[in-house]
């Protein structure tokens with residue numbers, strides 16, 4: 001009996017290690033692909049790779065007794081390193097599906113292991129599922145400090161060790177010589193981690209990154225200086241940060257391959273950087289009083305210098321990416337230690353979070369290409385961004401002095417028009433008359449008059465300056481003189497030139513909403529519930545359509561296969577519904593919490609920690625009689641989940657509005673408390689389904705149901721994003737809750 005209990009306990013710990021390693025690996029490949037692929041292809045590639053978990057379950061269903069978990073876990077350990085290094089050292093591949101196939105291999109092995117353990121120990125599946133979720137929970141918390149401290153490549157080797165520990169614990173660890181091989185492998189991994197030199201050299205030689213046409217590093221080498229070189233690299237949980245130095249001394253900080261910001265050579269004397277006054281980014285500081293300036297997305301410090309040149313004496317510089325600041329500090333002798341310059345106050349946090357918690361008022365709030373260059377080189381149409389929503393614009397105006405300026409530098413025509421529309425809607429809500437809208441902003445093209453013909457009258461890096469009140473003649477005169485000096489093209493200026501597309505609105509012939517319908521691109525303002533500012537496609541982006549089609553096809557094919565087993569079809573619908581429903585609640589909750597936590601990495605970590613931990617606890621207690629309560633033969637938890645979900649949607653805005661300024665530790669505690677009831681009951685759904693199979697003597701089909709749940713979970717994550725982009729986060733979450741309600745109503 002003791003031996004059996006020990007075996008059961010070992011399986012629980014082994015599942016815990018396997019799940020933890022899979023979760024951390026999932027984050028690692030996302031970080032890896034973020035450096036070499038466009039943002040939307042990162043989502044596509046990683047999502048298809050995760051489908052491997054479902055396929056692992058299907059493989060075990062077909063070949064139940066052919067594999068030993070201990071051997072599979074050791075192969076999983078090796079596959080982590082082999083697959084990542086294969087992607088890492090291969091020259092860039094333009095066929096993204098190949099990256100998905102390579103990175104999916106560990107997920108297949110992981111899915112095989114977990115589904116096989118569930119099959120062999122189906123009597124304690126509630127405890128196994130608890131261990132599985134607990135492993136993912138710990139992985140969600142550990143990934144940030146591990147990557148921040150060790151970097152990408154060392155973290156990969158740590159993941160491999162974690163999986164190797166699992167292979168020592170599975171009960172079928174009887175293969176001759178396997179244990180000794182595993183011990184030797186772990187010893188070698190530990191030696192490499194302790195020495196680190198070999199691993200760090202390996203990390204520097206990132207062939208796929210150096211050969212990818214999507215990276216800013218490649219762009220700089222091809223367009224400006226073929227001898228440009230990377231002189232500094234740091235890779236943490238938020239981004240890979242490189243400092244690239246050109247032969248002429250120009251220095252650029254690149255994050256995740258696509259986003260870039262300039263670092264200016266500065267010796268502390270402003271007269272030595274007077275040449276920056278010739279740049280279009282200086283124009284927002286030429287109108288009038290810039291005593292107090294807020295710069296959101298201060299990057300390498302160039303915008304700080306522009307503000308200083310414009311007469312700002314007190315500058316609050318806000319930058320979300322601490323890795324950029326670390327890079328700036330590494331080169332402080334080059335940049336004059338700009339963030340410690342007299343009058344400059346640095347804040348490493350999200351700009352939206354900062355503006356909502358401060359009580360300061362500013363003469364100028366400046367956002368200069370907050371997602372610099374990423375729009376061209378990284379493709380951000382699937383990413384949420386809370387600094388350009390209507391709610392954010394209201395906050396900016398609230399923190400401006402009455403005669404203050406709200407200034408933006410955009411990338412091109414599309415984001416400029418969408419940004420203008422967003423601000424104009426807010427101005428209308430503030431009481432500005434529609435016939436005066438054109439009088440409240442100045443827009444200037446970075447392209448000069450002399451370059452206009454060659455550039456085919458394109459708009460590139462335009463600056464737009466808004467004001468709550470009308471511009472004074474002096475302000476207009478000041479900026480006009482500077483525009484003439486720079487030979488820039490005026491797009492809109494009160495009393496001089498107006499944008500044609502807003503003429504109809506000013507004359508009362510057209511509403512803004514009618515303008516949105518009239519144009520072929522999506523220029524409708526984004527909101528906190530739909531913060532996809534860089535999505536200019538009407539309808540869903542093509543990448544998302546492709547992924548939806550693939551996951552729908554795979555799901556439909558799986559269910560067509562199940563149809564011939566009528567006794568299983570109901571179970572298949574059940575496991576599919578909880579797979580889709582769970583992800584459609586989880587994904588939007590993570591995205592909504594970015595606003596509260598001020599950081600995507602924290603949002604991901606905190607929400608998953610809270611939700612997966614409570615799910616695990618719910619799974620553990622799912623066999624208790626009190627939770628088996630039924631209403632007309634229907635499990636009561638499936639009516640409780642939608643009710644709790646609706647309550648959360650009402651509670652979340654209150655939490656954001658009233659507790660945004662509390663410390664992160666308290667935020668984690670608060671999130672854990674409010675999500676606990678939801679996660680507790682959602683965690684019961686999977687083991688209850690397994691027990692239903694077992695009660696009907698269908699336990700041999702557990703791997704098949706695991707596979708279906710894995711495939712539909714990926715479908716759910718894609719659907720969550722699609723519904724969020726089309727209708728908003730709240731509708732996506734409600735849709736997820738409806739899947740659970742359907743299980744209750746139709747007694748699935």
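The residues in segment 447-482 that are at pLDDT 95 or above and touching a helix residue (DSSP H, G or I) at 6+ places or on another chain (Cβ under 7 Å) can be counted, and the count is 10. Does segment 617-636 contain any residue that is surrounded by 24 or more Cβ atoms within 10 Å (Cβ to Cβ) and part of a helix (DSSP H, G or I)? Scanning segment 617-636, I find at least one residue that is surrounded by 24 or more Cβ atoms within 10 Å (Cβ to Cβ) and part of a helix (DSSP H, G or I), so the answer is yes.
Looking at the structure I just gave you, is residue 568 assigned to a helix (DSSP H, G or I) and buried (at least 18 other Cβ atoms within 10 Å of the Cβ)? I'd like the intermediate steps shown before the answer.
Details: assigned to a helix (DSSP H, G or I): yes; buried (at least 18 other Cβ atoms within 10 Å of the Cβ): yes.
So residue 568 passes the test.
Screening residue 509 with (1) out of contact with any helix residue (DSSP H, G or I) (no Cβ under 7 Å at 6 or more places or on another chain); (2) outside the structural domain of residue 424 (by TED's automatic domain parsing); (3) within 30 Å of residue 476 (Cβ to Cβ) gives one miss only, at (2).
Restricted to helices (runs of 4 or more DSSP H) entirely inside segment 276-366, those with at least 2 residues that are closer than 29 Å to residue 470 by Cβ and touching a strand residue (DSSP E or B) at 6+ places or on another chain (Cβ under 8 Å) are 302-309, 351-357. Considering (1) surrounded by fewer than 22 Cβ atoms within 10 Å (Cβ to Cβ); (2) free of Cβ contacts under 8 Å to residues at least 40 places away in the same chain; (3) touching a helix residue (DSSP H, G or I) at 6+ places or on another chain (Cβ under 9 Å), the lone condition that residue 342 does not fulfil carries the number (3). Candidates 270, 283: the one that is surrounded by 16 or more Cβ atoms within 10 Å (Cβ to Cβ) and either in the same structural domain as residue 312 (by TED's automatic domain parsing) or over 31 Å from the mean Cα position of the chain (by Cα) (or both) is 283.
Could you tell me whether any residue of segment 602-614 is assigned to a helix (DSSP H, G or I), surrounded by 17 or more Cβ atoms within 10 Å (Cβ to Cβ) and out of contact with any helix residue (DSSP H, G or I) (no Cβ under 6 Å at 6 or more places or on another chain)? Yes. If only residues of segment 387-403 that are out of contact with any strand residue (DSSP E or B) (no Cβ under 9 Å at 6 or more places or on another chain) and touching a residue at least 24 places away in the same chain (Cβ under 8 Å) are counted, the one that is surrounded by the fewest Cβ atoms within 10 Å (Cβ to Cβ) is 402.
Out of 58, 72, 22, 78, I need the residue that is farther than 27 Å from residue 542 by Cα, assigned to a helix (DSSP H, G or I) and out of contact with any helix residue (DSSP H, G or I) (no Cβ under 6 Å at 6 or more places or on another chain). Which one? If you could, list the steps in order and put the result at the bottom.
Numbers: 58 fails: out of contact with any helix residue (DSSP H, G or I) (no Cβ under 6 Å at 6 or more places or on another chain); 72 fails: out of contact with any helix residue (DSSP H, G or I) (no Cβ under 6 Å at 6 or more places or on another chain); 22 fails: out of contact with any helix residue (DSSP H, G or I) (no Cβ under 6 Å at 6 or more places or on another chain).
When all the criteria are applied, what remains is 78.
Screening 104, 70, 77 for residues that are within 23 Å of the chain's Cα centre (by Cα) and crowded, with 16+ Cβ neighbours inside 10 Å leaves exactly one candidate, 104.
Among the residues of segment 587-599, those identified as in contact (Cβ under 8 Å) with a residue 40 or more places away in the chain and assigned to a helix (DSSP H, G or I) are 587, 588, 589, 591, 592, 593, 594, 595, 596, 597. Yes or no: residue 672 in a helix (DSSP H, G or I), touching a helix residue (DSSP H, G or I) at 6+ places or on another chain (Cβ under 6 Å) and surrounded by fewer than 23 Cβ atoms within 10 Å (Cβ to Cβ)? Taking the combined requirement at face value, the residue satisfies it.
The values are calculated or read from the model by the stated rules, or taken from the named source; none is laboratory data. Source: prediction; values computed, not measured. Because the Cβ atoms are built from the backbone with ideal geometry, glycine has one as well, and the counts that use them run over all protein chains shown.
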